[in-house]
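Report on one structure; see the data block that follows.
The values are calculated or read from the model by the stated rules, or taken from the named source; none is laboratory data. Remember, predicted model here, so these are calculated numbers, not experimental data. Please note: Cβ atoms are built from the backbone with ideal geometry, for glycine as well, and neighbour counts cover all protein chains shown. For accessibility, only protein heavy atoms count, side chains too; no ligands or nucleic acids. Shrake-Rupley method; radii C 1.70, N 1.55, O 1.52, S 1.80 Å.
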Amino acid sequence: MRGFGSLFALQLFTRLLTFALNALLARRLGPAWYAFANVQLQLVGATLLFLPKEGLRRAAQRIYPGGDGAPLASGMNVAWLSAPAAVLAALLMAATAAATGVSGEWDELMGAAEARAALVVAGAAAIIEAASEPGWVYAQANELLPQRALAEAAAP
C-alpha cells in the first residue's frame with residue numbers, strides 16, 4: 001500500500017503543480033506564446049520520446065518480466081538504448097530544423113535563435129526523460145512502486 005500511496009501522491013503533486021504553472025503562464029503570456037509552449041513544444045517532446053517510451057519500453061518489458069539473471073541483463077540493455085535513441089532523434093530533429101528552417105507561426109513570435117534555443121531545451125528534456133527509462137522498467141518489472149515513483153519523478 002505504501003508504493004501505491006507514493007505513486008498516487010506523485011501524480012497528485014504533479015497534476016496540481018502543472019495546473020498552477022499553466023494558470024500562471026496563461027495569465028502572464030499571450031495566447032500565441034501559451035499555445036506555442038503547450039502545443040508545438042509538447043509535440044516536439046512527444047515525437048522525440050515516441051521510440052524510447054513506446055517501442056523500447058515495451059520490448060524491455062517483454063524481455064525482462066522480473067527477477068534476475070540473463071533476462072535482467074538483456075532487458076536492461078534494451079532499456080538503456082532509450083537514451084541514445086532519444087539523442088539520435090534530437091539530432092535528427094535539429095538537423096531537420098537547420099535544413100528547413102523554422103517558419104510559420106514561429107516567425108511571428110520569435111527569431112531563429114530563440115526558436116533553436118526552444119528546440120534545444122525540448123530536446124534536452126526528452127533526453128533526460130529517456131535516461132530514466134531503465135529505472136522505470138526495473139521498478140515496474142519487480143513491482144517496486146516507491147522506486148517507480150522516483151523514476152517517474154526523475155523524468156521532467
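If you count only protein heavy atoms with a 1.4 Å probe, what accessible area per residue comes out for the chain, rounded to a whole Å²? Please list the in-between numbers first.
Values: 9760 Å² over 156 residues.
On a per-residue basis, the chain sits at 63 Å².
Projecting the Cα positions of L48, A37, A26 onto the charge dipole of the chain (unit charges on Cβ atoms of Lys, Arg, Asp and Glu, taken about the Cα centre) puts A26 furthest along the positive direction.
Go through E143, E129 and list them by solvent-accessible area, largest first, probe radius 1.4 Å.
E143, E129
For L21, the shell of other residues with beta-carbons less than 12 Å away shows a net charge of +3, using +1 for Lys and Arg and -1 for Asp and Glu. Only protein heavy atoms count here; on that basis, with a 1.4 Å probe, I128 has an accessible area of about 100 Å². Extending 7 Å from Cα along the Cβ direction at L17 and again at T47 yields two label points whose distance is 2.7 nm.
Placing R0 at 30 angstrom, the Cβ-Cβ distance between L92 and A153 gives a FRET efficiency of 0.60 after rounding to 0.05. Each Cα pair under 8 Å and six or more residues apart adds its separation to the average, and for the chain the resulting relative contact order is 33 percent.
Of the heavy-atom accessible surface of the stretch 25-156 (probe 1.4 angstrom), what whole percent is carbon and sulfur?
65
Modelled spin-label separation between A113 and A9, with each label point placed 7 Å from Cα along the Cα-to-Cβ direction: 4.5 nm.
The Cα atoms of the stretch 1-88 define a convex hull whose projected area, averaged across directions, is 7.8 nm². If you sort M93, M110 by accessible surface, 1.4 Å probe, largest first, the order is M93, M110. Here the chain yields Rg over Rh of 1.05, to two decimals, using C-alpha coordinates and the Kirkwood radius. Here is how the number arises for the chain: DSSP H runs of 4 or more residues each give -39500 (n - 2.57), the sum is divided by the residue count, and the result at 222 nm is -24500 deg cm²/dmol. I'd like the accessible area for S6: 1.4 Å probe, protein heavy atoms, all chains in place, Å² to the nearest 10. Its heavy atoms expose roughly 40 Å² to the probe. Centroid-to-centroid, using Cα positions, the stretch 50-66 and the stretch 1-49 are 24 Å apart.
Using the Stokes-Einstein relation with a Kirkwood hydrodynamic radius computed over Cα pairs, the translational diffusion coefficient of the stretch 107-156 at 4 °C and a viscosity of 1.567 mPa s comes to 104 µm²/s.
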